[in-house]
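The values are calculated or read from the model by the stated rules, or taken from the named source; none is laboratory data. Since the structure is predicted, the reported quantities are computational estimates derived from the model, not experimental observations. Cβ placement follows ideal geometry from the backbone for every residue including glycine, while neighbour counts extend to all protein chains displayed.
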Amino acid sequence: MPLFRASGEYSGAKPQPRRRRMRNMKWMGSCGETDDDGTVLSLTRLCLLSIADNMKEVWAKDYTDNYLDKYFFSHIMGPFNLLPSELVEELTWLLCNRKQLSRAALHLLLVPQLRGLSLEMCPGLVTSALCAHIASRCQGLWSLDLSGAQQLPSKVLSETIHCIPTLRSLSLAGVPCDRCVIRTIACRCRFLRHLDVSRCHFLSPAALLPLGGGAFCSSSGSPSKSTFHYNSTTQSSVSSSFSTPLSPLPLNSLLALDIGFGEQEGDPVAAAAYLLLSLPCLKTVAMEGLAQACYLIEHREFSQTNEFTEREGFPRLEDVWKDRRHRQGMDGWRQKKEAVGSRENEDEDEEERTLWEEYGSNNEEDVSRDEGPISFQNQAEAKKRGLLSQAGDEHLILCLKDVKGLTFDSLDSLGHLCPDIHSVSVSTDHVETRGRCQAPMLVAGLKIWSGQLQTLSIHFPGPVLSLLPALQVAGSSLVSLTLEGVKTSPHTPLLEVIKACFRLRDLFISAEPPTTPQEEEDEEDQQDYRDLPRLPNLCSLILNFSYEHGQMKPIMSWMSLKRLLKHLLTGSPLLEKLSLVSLPCPLNCVLQEVLHVVDLELPGPADSPLVPLGRVQHIDLLRTDVRMMTVKSIMQRSKRLKFVDVSYCWQITEFEWLDYQAFSKVHVVWV
């Protein structure tokens, strides 16, 4: 494996002109196994699996023994420098997922053609020395994820980002990111579409303002040259970029929850409002103070933020709002003009042909005048044609589609500002505020997005019954529903929730169990199930109940839940992930009845009929009464099953677990 110390441009394999979508990377087995769908693995996948299995002893051994701690190579010729970027990314992901990615292997995988690098699963490898390698070898990266690298100094982070101006996606969640890093991002990463700085506790809300553009940069924002060296051309371009006013970044997604505190109490609200107004491409946002910022923008209460903007040296929000509204009006006028012009041109072309046939060349002058650009004599004519709104009709519209960090009482303001919302995450720590129940506010807020909302996440420390009206309003279009912290009882209307949200693909419920025991139902009631709703598109079902760690068995306080679970599992043949934790009802008998169902009478491929639990891949059954024989039956039913967690299942013994572990290819966890 020849190794060379080099500088300058890399003349080896050229990167692909277009980045193809990465392959499905759910496969993690060793060579010789089949894929998740039961088909034989492709030759490419088998080769990558073989490389992963032999990375330590074959591919990285020479580099580890002779070069790793002795030299710093700008580029390494071999063994992976000729592989396409997509294959290098897949190999890196596979090694990370198996927890087999070593420092030496990572050095060999840092090739110039690499377009995506994610080290979120192995943050311990991210050091200052590694960042120097990334900055030297991978200057064409489009996506970089260093989430969780808590030991990385912000100075090194700034220097690394400075060398990768091509970034489209940058994830720094949990990294010691500060104001200098944000300034470097704003000045150098001019193509950035996604930024995640969640859990960056050294980052104040005001530090995010440079993302919105402006003449904000100073010499303090320029990265130090102590580690990386630049030529004079690069230095001069950097200096000019820090002094010249910059346009806002084209960010589509900004995630900044759980960051540091501001100097004043209202800083998070003012910062959120400024970024909402100054980032015109923003569609996904998660920030502190977002709810109050929406209210502030809707009611134009910008005077309370003047002290903040003056202190930080940024334009007043009133001016930013006017500029955003002006640009919105111009864009809307241009779109309407183009639409009307297109329709009029079609009509005029037809009219021209008719006039030409009837009147000949005598009317040529009039026809040519009709074909010219649309011109209006005055503003009244423009309004009459619908190109301009009447006075007072214009209002600011934000193009947000996915919003996190809201409260129940902020949905109304968000609805007026963002009519195109598809995903919302709301939370409250109180069932009532000032004596008023919060659930009706949720109903009123969700009405504006009825029929278009696809993802809804609610944290609510109250009964599920209080949320039912809101779910009935928004449920018809939902494909993902999350309910966290809710309280349940034997009469919790989960059936009504399922009926309202019949298109669900993902259902996650984290709840408190009923506090009073419920008696066993009559056998006749258990068998009356034909009218129960189904979720035929459901792929992920998570139903987890809270428990005391000192309590071995949950209290059987919701016996009627068995009936719902049986027919939810029976009617969801596409289920891939199943998590049922600390259920307040028996589960083993439910699973046995589900496994006896072999004909669902549902449409499906002739060579692969749909059966309950036939496609499940991941199962968590902690603190339930499930037996090992039932787990074996599920394994026989689903050939795709890879992982089962039966920890604290009191009906399973250590002998049964050890006996099965010796012969099973499925990873079974039991403690």
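Results, tabulated for the structure shown:
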item: Count of region 73-97 residues which are small (Gly, Ala, Ser) and surrounded by 17 or more Cβ atoms within 10 Å (Cβ to Cβ); result: 1
item: Residue among SER489, SER510, SER457, SER466 that alone is assigned to a helix (DSSP H, G or I) and of a type in the set (Ser, Thr, Tyr); result: SER466
item: Residues satisfying the stated conditions in region 566-577, i.e. surrounded by 22 or more Cβ atoms within 10 Å (Cβ to Cβ) and of a type in the set (A, V, I, L, M, F, W, C); result: LEU568, LEU569, LEU575
item: From the options ASP645, ASP625, residue that is surrounded by 18 or more Cβ atoms within 10 Å (Cβ to Cβ) and in contact with a strand residue (DSSP E or B) (Cβ under 7 Å, 6 or more places away or on another chain); result: ASP645
item: Hits in region 280-292 - residues which are in a helix (DSSP H, G or I) and under 22 Å from the mean Cα position of the chain (by Cα); result: LEU290, ALA291
item: Output for region 474-486, where each listed residue is in a helix (DSSP H, G or I) and buried (at least 20 other Cβ atoms within 10 Å of the Cβ); result: ALA474, GLY475
item: Positions within region 40-67 being assigned to a loop (DSSP other than H, G, I, E, B) and within 36 Å of the chain's Cα centre (by Cα), in sequence order; result: LEU41, SER42, ASN54, ALA60
item: Candidates ASP420, ASP393, ASP429 - the one that is in a loop (DSSP other than H, G, I, E, B) and at pLDDT 85 or above; result: ASP420
item: Scan of region 617-670 for residues that are farther than 21 Å from GLU593 by Cβ and among the polar types (S, T, N, Q), ordered by number; result: GLN617, SER647, THR653, GLN661, SER664
item: Hits in region 92-107 (condition: under 19 Å from LEU146 (Cβ atoms), assigned to a helix (DSSP H, G or I), of a type outside the set (Val, Ile, Thr) and without any contact (Cβ under 8 Å) to a residue 60 or more places away in the chain); result: LEU95, CYS96, ARG103, ALA105, LEU106, HIS107
item: Total residues in region 259-279, condition farther than 14 Å from ASP323 by Cα and either part of a loop (DSSP other than H, G, I, E, B) or without any contact (Cβ under 8 Å) to a residue 24 or more places away in the chain (or both); result: 8
item: Output for region 648-671, where each listed residue is among the β-branched types (Val, Ile, Thr) and surrounded by 14 or more Cβ atoms within 10 Å (Cβ to Cβ); result: ILE652, VAL666, VAL668
item: Members of region 542-560 found to be of a type in the set (Gly, Ala, Ser) and under 20 Å from GLU484 (Cα atoms), listed by number; result: SER546, SER557
item: Residues (among the hydrophobic types (A, V, I, L, M, F, W, C) and either assigned to a helix (DSSP H, G or I) or surrounded by fewer than 20 Cβ atoms within 10 Å (Cβ to Cβ) (or both)) located in region 108-121; result: LEU108, LEU109, MET121
item: Candidate set: region 132-151, residues that are over 18 Å from LEU192 (Cβ atoms) and surrounded by 17 or more Cβ atoms within 10 Å (Cβ to Cβ); chosen: the one nearest to the chain's Cα centre (by Cα); result: GLY148
item: Residue check for LEU276: at pLDDT 90 or above and of a type outside the set (Gly, Ala, Ser); result: yes
item: Residue that is farthest from LEU119 (Cα to Cα), among those in region 152-166 that are hydroxyl-bearing (Ser, Thr, Tyr) and crowded, with 22+ Cβ neighbours inside 10 Å; result: SER158
item: Options LYS56, LYS70, LYS61: the member that is loosely packed, with under 12 Cβ neighbours inside 10 Å, more than 26 Å from LEU192 (Cβ to Cβ), at pLDDT 60 or above and not small (Gly, Ala, Ser); result: LYS70
item: Some residue of region 474-490 being under 18 Å from PRO586 (Cα atoms), of a type outside the set (Ser, Thr, Tyr) and at pLDDT below 90; result: no
